[in-house]
Amino acid sequence: MLIYVVRHPYTKSNVQKITQGHSDSPLYWIGIIQAHILGMKLKNNEISKIITSDLGRCVQTSNIINKFLKVPITKTEKLREQNLGKYNGVPKSKIKEEFDEDDPKAIPKGGESLFQVKERVITYLKTMKDKDTVLIVTHSGCFQSILSEAYNIPLNDKMCRTKPLKIGKLSVTKEITLIELN
């Protein structure tokens, strides 16, 4: 299966430096423009459907991109961002005092580690049965997990970091292989 992967663009919480995790925030005005740019970049790739995180910022991104693709959209909680437990929706400055976001093994109280996110996302991708080309719309932690798997490097390696306009093109079989990242 061939997949394209994008993360949602900037949200109001991103701009305000508030963590999101499983809390939600709508796209910021620049994020709306970024979603349109992603749609324009993806429109000629013969994508047959969009599979998106069920959180609002990804659904909003998917709906904007779909103005260009005009394909079915499926929502799933399997592509949600890391559950930061008691830190969902908390200013980033507060988290740094109590929780090391850069440690992929760290589990916030009531949440999940980035390693657990990677296991959830990779398991989901490898069990998908689609034969056509699919667009995955997800979050930075999930995209980071996919790149970690494809590169076979640690989750906190800088090569796994993404920005809102990055598009990953990957082959998913028993292995996840990066074709290109631009």
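Key figures
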item: Pairs, first under 21 Å from residue 83 (Cβ atoms) in the range 14-30, second among the acidic types (Asp, Glu) and part of a loop (DSSP other than H, G, I, E, B), C-beta under 9 Å, six or more apart; result: 19/101; 20/81; 21/81; 22/81
item: Count - residues of the range 144-177 that are exposed (fewer than 13 other Cβ atoms within 10 Å of the Cβ), over 12 Å from the mean Cα position of the chain (by Cα) and either closer than 24 Å to residue 62 by Cβ or of a type in the set (Ser, Thr, Tyr) (or both); result: 2
item: Considering residues of the range 65-99 that are surrounded by fewer than 16 Cβ atoms within 10 Å (Cβ to Cβ) and of a type in the set (S, T, N, Q) only, the residue nearest to residue 55 (Cα to Cα); result: 76
item: Candidate set: the range 14-31, residues that are under 16 Å from the mean Cα position of the chain (by Cα) and assigned to a helix (DSSP H, G or I); chosen: the one surrounded by the most Cβ atoms within 10 Å (Cβ to Cβ); result: 31
item: Selection from the range 166-182 of residues that are within 20 Å of residue 43 (Cα to Cα) and of a type outside the set (A, V, I, L, M); result: 166, 168, 169, 171, 180, 182
item: Meets criteria (touching a residue at least 24 places away in the same chain (Cβ under 8 Å), basic (Lys, Arg) and either closer than 25 Å to residue 18 by Cβ or not in a helix (DSSP H, G or I) (or both)) for residue 126; result: no
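Bear in mind these aren't lab numbers, they're just calculated from the coordinates by the rules spelled out. What you see is a predicted model; the values in this text were computed from it and never measured. Note that we place each Cβ from the backbone using ideal geometry, even for glycine, and neighbour counts take in every protein chain shown.
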